[in-house]
Each structure stands twice: as structure tokens, then as C-alpha cells.
Amino acid sequence: MNLKDIIKPENLVYSKTPLLTDNVMSYCPGCSHGTAHRIIMEVIEEMGIQSETIGVAPVGCSVLAYDFMNIDMAQAAHGRAPAVATGIKRCWPEKYVFTYQGDGDLAAIGTAETIHACNRGENIMIVFINNGIYGMTGGQMAPTTLPGMKSSTSPFGRDVATMGNPIKMTDLVAQLPGTYYVTRQAVHKPVNVRRTKKAIRIALENQKLNKGLSFIEIVSSCNSGWKMTPVQANIWMEENMIPFYPLGDLKVDGELVKK
Amino acid sequence: MRELRLMKGNEAIAEAAIRAGADAYFGYPITPQSEVLEYLMAEQPMERTGMVVLQAESEIAAINMVYGAAATGKRVLTSSSSPGISLKQEGISYIAGAELPCLIVNVVRGGPGLGTIQPSQADYFQSTKGGGHGDYRLLVLAPASVQEMSDFVKLGFELAFKYRNPVLILSDGVIGQMMEKVELFEQQPRVTTFDPAWTVTGKPKERERNIATSLDLDPYRQEKHNYKLQAKYKAMEENEVRFEEFDCKDAEYLIVAYGSSARISQKAVQLARAKGIKAGLFRPITLFPFPKQEISALASQVKGILSVEMSAGQMIEDIQLAAAGKVNVQHFGRYGGVIPAPDEVLEALELLISGGSK
């Protein structure tokens, strides 16, 4: 049996969704962005809504999203994606609109836009990549950097007495009446990838119902920013990030999930 | 059908936006322009034409909502006053960079900083030289009446889509707050077709994806993009210069003023003529593109030019460039929210004639 005998339609078990472009992924090996991109695009393909979907990517590593997502997109200023998405969705209420934002973007410079889009209950999906660091600019402290965690601007570890505490945006927005579905997931293991993909499906299905905003945090690794190998980064994430940012649904169908 | 109404300038902007077939307005309250948002909210344009009106959480959010709507090819506007316009500058730079059409209204008040809520024209530099970061220009229209507040909304949208560029209506607290008779134009239909070459409306199978962005990390491609922008601004300079002349034909002395200063200066010209001074008024209507050639020609005709502006002297720099040393150019202005009276302008003109300066 040679390669030609193997490459046959009946042997095909997996293929890249055409909703990802053929551009070579420029994200660092080990980064969570690639997986997150892929499952969002897979869900859009499965729902058959490519022509009805508009994505918004702001500033940070996520600014490159439109190199890879084969959909119409608007690039937003740093932190302003929820406002840009609001402008689009209000003019096109029948379209599917989502933002794809990092922690610096969503939880620092864009806090006001995030809170108010959530509070107004804009019928959009916000995907929040939380890796606790500014990846694009080279590993500076983020609003979500853990206490004691080292970064290029907290070289001796985050001192919460002077640098403030990490902010749990997902817990915060779950309290707002405008959010309908709020969940925190990860993509470092197959089971988590499946759960996150399911969450994205729920969020996009919610848009049809005009129930309010769906907010999906993806606790992610940034091995380059954390100065670790991809494997080390995933272990570190599990041991440190996930205990601080526990996974699971916070709000389902507009009701807070009781713990 | 002539429909006449007595309206505030700010109300005329709002009514004209509905009638121009605008799809959306996003704004944030600030004096002296809050009537725009108030009028739109009271008028319920969603019922009239399907137009979206939303009070944003900040001027920053408002301009980014404009960016989003504009990226989809919708006809969208925002309005504010000086401190709020400063907040919008980042978004305006992105809109210019991404080549999106939209309309921005600045009802200028005195600054710097929080300044005052009284009228001013001290945002000329910010309006005509870019305002935010990067090499870009807005097409700037300066209304001098409530009628023009209405007319320039329609014109502004036309120009914004013609050039895929943000258009700024540079008004001030006088024009925004005063009431005058307005002849309203008839209701225009809202646009229902969107240019598949650039609008972000969802990618159908038959075309490549559209991306609204100002980012290109490759400096050579970014430079090329900048060449394209500059060519567009040059085309505006060639095709869109607008101005009005009053008693310029035989003028020996010229006043150049825009907006409410032009109204005051027109009275000053009448007072000067009554005293036997051959004065004329040149009113730029577009501040970018600036009527350079017309002012250059008049500079060869007259003995002196007085620039009148409610500022410490901003437009005078463009007049001096146009006059190119052919004639003495002086500035007269009251600022910080103070409005000059016609006799003060006349006094400044007489000082110019006598060879003196302040």
C-alpha cells in the first residue's frame, strides 16, 4: 500500500474547514489562538452562516484574525470591538456578529465598551481570550495576570499592593441583566475543545433568539509570553490559571448558575 | 414642496439626518450640541424611516459604533462638541485610514480643556490638518446658517460616499443654538444596495472576503495605501472647493471669515462700505479643501486681508500661505467663548488700513 492508495475520499476522517484561509498561521506554536479560530470557523461552517456573519477583531494578537478567518471582518481600535460590533449589529440585526478579543483589549483599555455592550444586551457573541499577558507587544502585565506572576512589566512578579488585582471580567459581566449566556472554557485538551465548540454553537444560536449577549471566556496559554515550552505552558495553565479562573457556565438562558 | 420651519441649528442637523436617509446616529450628550441627540430620540426615526439612534456610553464608543456601521456601507453620523470631538480623534483616524464614509458634526465651544460652553472656532487646526494621528484629511464643511446646517448634512453624506472619507461639519455654538427659518429638503430614501467591493456585510460564495481595516504591517504596502489617500485628498482639492463672495469685486480690503464669524463680518463690511471703505467678504465654505487659488487671486487685487475667527488665529496661516506674501494679512479674533461684535471687526479693519496692528 502506498500513499496514493491511502488518499481516497472514503479514508477522509478530518479536513480543514474552508472557512479558515490557507495563510500559514503566524501564531506561536503552542498558542491557543489557532484552536480557538478553528472551532469558531467550524461552527459557522456547520451552521451554514458564512454569508451572514461579520467578525470584529481589535488590537493585540487577535488583530491577525482576519488573515485566517475567511469571513467579512472589521478591524477595531484597541478595546473598541464591542462598540464596533454594536454599530454593525444595530444596523444589521439579522446578521451574526461576534468580537474576538484578548484580555488587555477587553479587560483593560476596553472595559467600558465591554461592560456597556453587555449591559445593553447587544445580541452579539464576545469571545474573550484570556492568557494573562500582553502577547503581541512582548509579554507585559495584563489586567488578568495572576498575583505574583512575572511579566516584562512585573519582572519581580505582580505585586497586588501596587499593581492591583487581576480582574475576573466573566464573573463581572455575568451579573449584568444584558448577558444571556456566560461561560468560561479552555482549549488545551480535546474535551475542552469540544466543550468550547459547543459553547460557541450555543452563543451563535442565541443570536437568532435576540435574547442578549453571549460571553465566552477561553482560558488560554501564551507560552512565548510566559517564557515556557508549549507543554510546560499547558501544565502551568492547569495548575495556576484554571484554579483562579475556574471553568464552567456562569449564566445559562439568562439565569446565573448556582454553585 | 417647500417645507419651512423655525429651528435651532442642532435640530436642523437632526431633522436633515433623518431626511437624508441616514441609517444610524450614535452620540453622547455634550453642550452645546445635545439637541441633536434629544431631537432624534424624540422624533423616533425608527418609526419614520427605520433609522437607528443610540446613546453611547462615551464619545469614544460612539465613533467606534460609527466605524462599525460605516464598514457595512450604511449612512451613519455622529455629533459632539470640542472636548468630545477630541475623544473621537482616534476613531476618526481609523475611519480615515480604513476609507469609510461617515458624517461627523462638531458644534465648537471654547477651549482648551473643558474650556467653556460658549461658541468658538478654535478647533480649525484640529479639523483641517488631520486631528488624530497619521497623514489624513477630513473634508470640512463650515455652515454659516441654520439652512446650511440642514443642507450640508445631505451634501456631507454625498461627499463622504463619493470619496469614501469622513466628512466633518464644523459648526459652532452660535449656529448650533440659534433659531432661523429653514427650508427642509424632501425625504430621501435609505440606501438598500451596498458596494460589494468593500462593504462588510457577510461574505457570499461569489466574492472574496471584505475587511475594513487601517492596518498593514508591511511598510511598503502601507506607503502605497498612503499614496492612495493623498491622491484622494488632491482630488478633493481639485473638485470640491466651495466658497461665497460678498462685495469682493471692487474690494480694496478683504475680510476672510467662515461660519458665524462670516455673519458678523458681513455686517462689518456693510458698516465699512457706509463709511466709504471698499471692503469685501470672502467666506470659505470648505475649510479642507481650502480655497487657496481664489484667495491667492484676491490677494493680488486687495491692499490688505483681515482674517476674522473666534480663535487666537488659526485659519490665518492658510490665508498667509495662499497670499504668499503678496499682501499684508492680519488676524482679528475674540476667543475663549467671546463673540466679536461687527464694530470691533470694523475697528480691526480700520487698524489694518492705517498700517497698524494689535
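Which number in (1) modelled with pLDDT of 95 or more; (2) assigned to a loop (DSSP other than H, G, I, E, B) marks the one condition that B:GLU238 misses?
(2)
Could you list, in sequence order, the residues of the stretch B:188-211 that are aliphatic (A, V, I, L, M), without any contact (Cβ under 8 Å) to a residue 24 or more places away in the chain and either in contact with a Ser or Thr (Cβ under 6 Å, 6 or more places away or on another chain) or closer than 15 Å to A:VAL97 by Cα (or both)?
Residues of the stretch B:188-211 aliphatic (A, V, I, L, M): B:191, B:197, B:200, B:211.
Among the residues that remain, those that are also without any contact (Cβ under 8 Å) to a residue 24 or more places away in the chain are: B:197, B:211.
Matches in the stretch B:188-211: B:ILE211 only.
Pairs only if they're at least six apart or on different chains, beta carbon under 6 angstrom, first in the stretch B:232-244 and more than 12 Å from B:PRO291 (Cβ to Cβ), second surrounded by 15 or more Cβ atoms within 10 Å (Cβ to Cβ); list them, first residue then second.
Close Cβ pairs (under 6 Å, with a partner that is surrounded by 15 or more Cβ atoms within 10 Å (Cβ to Cβ)) amount to B:LYS232/B:TYR163; B:TYR233/B:ARG137; B:MET236/B:LEU139; B:MET236/B:PRO289.
Counting just the residues of the stretch B:180-197 that are assigned to a loop (DSSP other than H, G, I, E, B) and of a type in the set (Asp, Glu), which one comes out nearest to the chain's Cα centre (by Cα)?
Step one: of the stretch B:180-197, the residues assigned to a loop (DSSP other than H, G, I, E, B) are B:185-197.
When the remaining residues are screened for being of a type in the set (Asp, Glu), the result is B:186, B:195.
Numbers: B:GLU186: 23, B:ASP195: 26 Å.
Once the filter is applied, the top-ranked residue is B:GLU186.
Residues to consider are B:ALA12, B:ALA22; find the one that is part of a loop (DSSP other than H, G, I, E, B), surrounded by 24 or more Cβ atoms within 10 Å (Cβ to Cβ) and either touching a residue at least 12 places away in the same chain (Cβ under 8 Å) or of a type in the set (S, T, N, Q) (or both).
On the way: B:ALA12 fails: part of a loop (DSSP other than H, G, I, E, B).
On inspection, the qualifying residue turns out to be B:ALA22.
Name, by its number, the condition in (1) basic (Lys, Arg); (2) more than 21 Å from the chain's Cα centre (by Cα); (3) within 15 Å of B:PRO119 (Cβ to Cβ) that does not hold for B:LYS326.
For B:LYS326, the exception is condition (3).
Before we move on, is A:ALA77 more than 16 Å from the chain's Cα centre (by Cα) and surrounded by 24 or more Cβ atoms within 10 Å (Cβ to Cβ)? Give the steps one after another, and end with the answer.
Numbers: more than 16 Å from the chain's Cα centre (by Cα): yes; surrounded by 24 or more Cβ atoms within 10 Å (Cβ to Cβ): yes.
Yes: the conditions hold for A:ALA77.
Please work out if B:TYR258 is surrounded by 17 or more Cβ atoms within 10 Å (Cβ to Cβ), touching a residue at least 60 places away in the same chain (Cβ under 8 Å) and in the same structural domain as B:SER93 (by TED's automatic domain parsing).
When the stated conditions are applied, B:TYR258 does not pass them.
For the stretch A:148-162, which positions are surrounded by 16 or more Cβ atoms within 10 Å (Cβ to Cβ) and either under 30 Å from A:GLN207 (Cα atoms) or touching a Pro at 6+ places or on another chain (Cβ under 9 Å) (or both)?
Result: A:MET149, A:ARG158.
Identify, by number, the condition in (1) over 19 Å from B:ASN239 (Cα atoms); (2) surrounded by 24 or more Cβ atoms within 10 Å (Cβ to Cβ); (3) among the aromatic types (Phe, Trp, Tyr) that B:PHE157 doesn't meet.
All conditions are met except number (1).
Of the residues that make up the stretch A:46-56, is at least one more than 19 Å from A:PHE128 (Cβ to Cβ), more than 10 Å from chain B (Cβ to nearest Cβ) and not in a loop (DSSP other than H, G, I, E, B)?
From the stretch A:46-56, those more than 19 Å from A:PHE128 (Cβ to Cβ) are A:46-52; that's our starting set.
Retained after the next criterion (residues that are more than 10 Å from chain B (Cβ to nearest Cβ)): A:46-48.
Remaining after also requiring not in a loop (DSSP other than H, G, I, E, B): A:46-47.
Looking for residues that are more than 19 Å from A:PHE128 (Cβ to Cβ), more than 10 Å from chain B (Cβ to nearest Cβ) and not in a loop (DSSP other than H, G, I, E, B), one finds at least one in the stretch A:46-56, hence yes.
Which one of B:GLN121, B:GLN44, B:GLN55, B:GLN89 is surrounded by fewer than 24 Cβ atoms within 10 Å (Cβ to Cβ) and more than 14 Å from B:ALA14 (Cβ to Cβ)?
On the way: B:GLN121 fails: surrounded by fewer than 24 Cβ atoms within 10 Å (Cβ to Cβ); B:GLN44 fails: more than 14 Å from B:ALA14 (Cβ to Cβ); B:GLN55 fails: more than 14 Å from B:ALA14 (Cβ to Cβ).
Only one candidate passes the filter, namely B:GLN89.
Here are the criteria: (1) in contact with an Asp or Glu (Cβ under 6 Å, 6 or more places away or on another chain); (2) away from chain A (no Cβ under 12 Å). Tell me which single one B:PRO83 does not satisfy.
So B:PRO83 meets the others, but not (1).
The values are calculated or read from the model by the stated rules, or taken from the named source; none is laboratory data. Computed from a prediction, not measured in an experiment: that's the story for all the values here. A quick note on method: Cβ atoms are made from the backbone with ideal geometry, for glycine too, and the neighbour counts reach across all protein chains shown.
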